[in-house]
Ligand SMILES: Nc1ncnc2c1ncn2[C@@H]1O[C@H](COP(=O)(O)OP(=O)(O)OP(=O)(O)O)[C@@H](O)[C@H]1O
Ligand SMILES: [Mg+2]
């Protein structure tokens, strides 16, 4: 595609940057726009995925029809099928009349399914059906209806991991991903970060009528290029806005100023630590924090489900997703695979945590102890992945619950503080979905 076409797109959608992979992404969007192919946009949180489906729609023959963007992660599981596919009167309590869903509303147009990795399994099955047959069924109906909708989806979750853990259908992934548009993280876009800084400084100055926009010193430019920007362009924009407003008198941004906003080059971008992983992959602190939080979260759930389940098989699939607990004061012991009976020998078991798309592995060592209770906790029976858990009686002590809850609450509070109350960033920081974070904020009464 000729550069001037890409330049026009950049100007129209206020996209800043000359990064090759960014330009390739825009190029692909324009090339696939006239077709009906499904597109999956991938990239970390805040990299600018949302503009891609808009470009595709605006440059397609569907542009005169509706473009509807849906955030799959923010619709409660109980209502998502009805919102997407509609429902019949009487389908459930409160369904007082027939209701058209987004698939009906977007007929002839484009549906953007943002955070598609958050779709519940039942909804994934319905979506696959529309993609394959162009037909959908309203909740509470048996009658298939036709729709002509072009789907563009986006995800920032490591979808391969979701697939391997059985949370996302592989067949749906391939169906959605006919074309994959990948957006690079900000830390890999070289000096685009400085261009973006300038753009946001100018935008903020114009918006708040500040006569002179912020300006980076040469040293500070190096810092913003070296910093990791875990929240990518969204985080950069927020930092620039905050600095513009809070430092109205001072227009020069030095490395010291950036430090006050936690923009420090070696805080996470350049410093990596290797954990004991067999492949020797690098491991960074942000991911470590997310993994530890995930473990904590899982530990709380597991203790809860063990208490509920006592010696009965649990429905809870606490271990079905392969999250294993690291050594805890309670010393949990987990065996994957073959059945083991309650008289199992002592053993040291090294069980790998699931790897993510970057190939990060973490290994935890779990020590067996004389077990007072052996519970079966598993959601994948028959798949050769039944898992057993031995638990010391003390684990079931209420104090453990309480301490875990306190720890989890504190971790969430800190993530919110670190991200200046921006829940989207805090969720990324913690490695959980926005929906889960909202629920936990509510559960712990952390709403402002
Ligand atoms: N190249 C760019 N030039 C200018 N602004 C950009 C660029 N890329 C992203 N932005 C801005 O950054 C912000 C974040 O982008 P966006 O909301 O599309 O992120 P995302 O990839 O959808 O993130 P998430 O996965 O968290 O939803 C938006 O305000 C967007 O306008
Ligand atoms: Mg988004």
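So residue 49 fits all but one of (1) surrounded by fewer than 20 Cβ atoms within 10 Å (Cβ to Cβ); (2) within 13 Å of ligand 1 (Cβ to nearest atom); (3) not in a helix (DSSP H, G or I); what number is the exception?
Just one mismatch for residue 49, condition (1).
Condition check: within 26 Å of the chain's Cα centre (by Cα), assigned to a helix (DSSP H, G or I) and within 16 Å of ligand 2 (Cβ to nearest atom). Does residue 24 satisfy that?
Values: within 26 Å of the chain's Cα centre (by Cα): yes; assigned to a helix (DSSP H, G or I): yes; within 16 Å of ligand 2 (Cβ to nearest atom): no.
Judged against the criteria, residue 24 is not a match.
Taking residue 173, is it within 25 Å of residue 32 (Cα to Cα) and either at pLDDT 95 or above or touching a helix residue (DSSP H, G or I) at 6+ places or on another chain (Cβ under 9 Å) (or both)?
Considered against the rule, which asks whether it is within 25 Å of residue 32 (Cα to Cα) and either at pLDDT 95 or above or touching a helix residue (DSSP H, G or I) at 6+ places or on another chain (Cβ under 9 Å) (or both), residue 173 comes out as yes.
Need the failing condition index for residue 43 against (1) touching a strand residue (DSSP E or B) at 6+ places or on another chain (Cβ under 8 Å); (2) within 16 Å of ligand 1 (Cβ to nearest atom); (3) at negative phi, just the number.
(3)
Is there a residue being modelled with pLDDT of 95 or more, under 27 Å from residue 229 (Cβ atoms), in contact with a strand residue (DSSP E or B) (Cβ under 7 Å, 6 or more places away or on another chain) and surrounded by fewer than 19 Cβ atoms within 10 Å (Cβ to Cβ) anywhere in region 141-164?
no
Given the structure, is residue 87 in contact with a strand residue (DSSP E or B) (Cβ under 7 Å, 6 or more places away or on another chain) and within 16 Å of ligand 1 (Cβ to nearest atom)?
No, not satisfied.
Determine whether region 228-246 contains at least one residue that is over 16 Å from residue 198 (Cα atoms), away from ligand 2 (no atom under 16 Å from the Cβ) and surrounded by fewer than 13 Cβ atoms within 10 Å (Cβ to Cβ).
yes
Among the numbered criteria (1) closer than 30 Å to residue 432 by Cα; (2) in a helix (DSSP H, G or I); (3) modelled with pLDDT of 95 or more, which single criterion is violated by residue 201?
(1)
Take the residues of region 176-198 that are in a loop (DSSP other than H, G, I, E, B) and within 16 Å of ligand 2 (Cβ to nearest atom): which is nearest to residue 39 (Cα to Cα)?
Here the answer is 183.
Tell me, yes or no, whether region 38-58 has at least one residue that is assigned by TED's automatic domain parsing to the domain that holds residue 117 and over 28 Å from the mean Cα position of the chain (by Cα).
No, there is no match, as no residue in region 38-58 is assigned by TED's automatic domain parsing to the domain that holds residue 117 and over 28 Å from the mean Cα position of the chain (by Cα).
If you scan region 52-76, which residues turn out to be assigned to a helix (DSSP H, G or I), in contact with a helix residue (DSSP H, G or I) (Cβ under 9 Å, 6 or more places away or on another chain) and farther than 18 Å from residue 153 by Cβ?
Within region 52-76, just 63 meets the criteria.
Would you please list the contacts, defined by Cβ atoms under 6 Å and residues six or more apart or on different chains, that run from a residue in region 69-80 that is in the same structural domain as residue 124 (by TED's automatic domain parsing) to a residue that is in a strand (DSSP E or B)?
Note: pairs meeting the criteria are 69/112; 70/113; 71/114; 72/113.
The values are calculated or read from the model by the stated rules, or taken from the named source; none is laboratory data. Bear in mind that the values here come from a model prediction, so they are computed numbers and not experimental data. Cβ sites come from the backbone with ideal geometry, for glycine too, and all protein chains shown count toward neighbours.
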